[in-house]
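Novice: Structure below; questions to follow.
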Amino acid sequence: MMDNRFATALVIACVLSLISTIYLAASIGTDFWYEYHTLSPAENVSEAGRSIWEEFVSKDADEKTYTDALFRCNGTVGLWRRCITVPKNSHWYSPPETDMTTNCISFSLSDQFVEKYIEPGNHNSGTDLNRTYLWRLQFLLPFVSIGLMCFGALIGLCACACRSLYPAIATGVLHFLAGLCTLGLVGCYVAGIELLHRKLPLPEDVRGEFGWSFCLACVSAPLQFMAAALFIWAARTNRKEFTLLKAYRVA
């Protein structure tokens with residue numbers, strides 16, 4: 001027998017869990033974690049010619065090369081891709097255009113685990129362990145978070161099949177761990193960006209800010225914590241009341 005309070009709490013927890021999963025999946029799949037805004041991207045591109053985006057999309061582009069392009073060309077960075085905004089007609093002999101297009105290139109799996117250097121672009125400067133492991137964690141943590149929530153959902157389905165609230169405690173614990181992973185993802189990303197900008201400061205005419213993809217991840221974490229709290233509260237309180245009711249009937 002389940003009290004209406006517990007049923008309501010479980011429904012709300014499931015809705016929060018679903019919303020947080022959607023938000024986190026959308027943030028992983030979009031490219032607006034960090035945005036750079038340049039005052040005159042078209043002029044910047046025309047000065048350097050076509051080499052800017054040729055180097056940007058090159059497989060051999062190092063961190064400094066593509067970061068400089070992001071600075072100059074209204075770039076955006078996600079967990080999986082980096083993008084710049086350039087004129088459609090990019091030939092060196094053509095005048096600057098106002099008709100712009102966005103070009104993106106994906107980070108390969110090897111790029112996600114590549115070493116970061118103390119001086120970006122200088123392979124002889126030594127490995128920057130802090131930035132290296134922050135970059136790797138920001139790639140791994142969102143998948144761990146989604147995996148924990150999916151596993152929690154399976155346990156929840158088992159709880160429904162068994163008509164018992166006891167497994168909901170495990171679902172709540174898994175959601176709490178998923179929230180910690182999402183929070184860790186946000187922290188790793190912020191720390192990584194701050195350390196990168198210490199190595200490569202923003203030019204005077206460039207402004208950087210966190211984008212809406214980053215905000216979705218920030219919202220997802222508290223939703224996961226709230227869902228975890230509701231799952232655990234409903235399971236523990238229902239179990240306590242059931243125990244008291246059973247003791248009363250025996251007496």
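Rule-based calculations on the coordinates, nothing more; no lab input. This is a predicted model, so every value here is computed, not measured. Cβ coordinates were reconstructed from backbone atoms using ideal geometry, including for glycine residues, and neighbour counts include every protein chain displayed.
Novice: Which GluC sites (Glu not before Pro) does the stretch 149-237 hold that lie in a coil by DSSP with at most 13 other beta carbons within 10 Å?
Specialist: E204
Novice: Starting from the stretch 98-207, pick out the trypsin sites (Lys or Arg not before Pro) whose DSSP state is loop and whose Cβ has at most 13 other Cβ atoms within 10 Å.
Specialist: Here the sparse-neighbourhood loop sites are R163.
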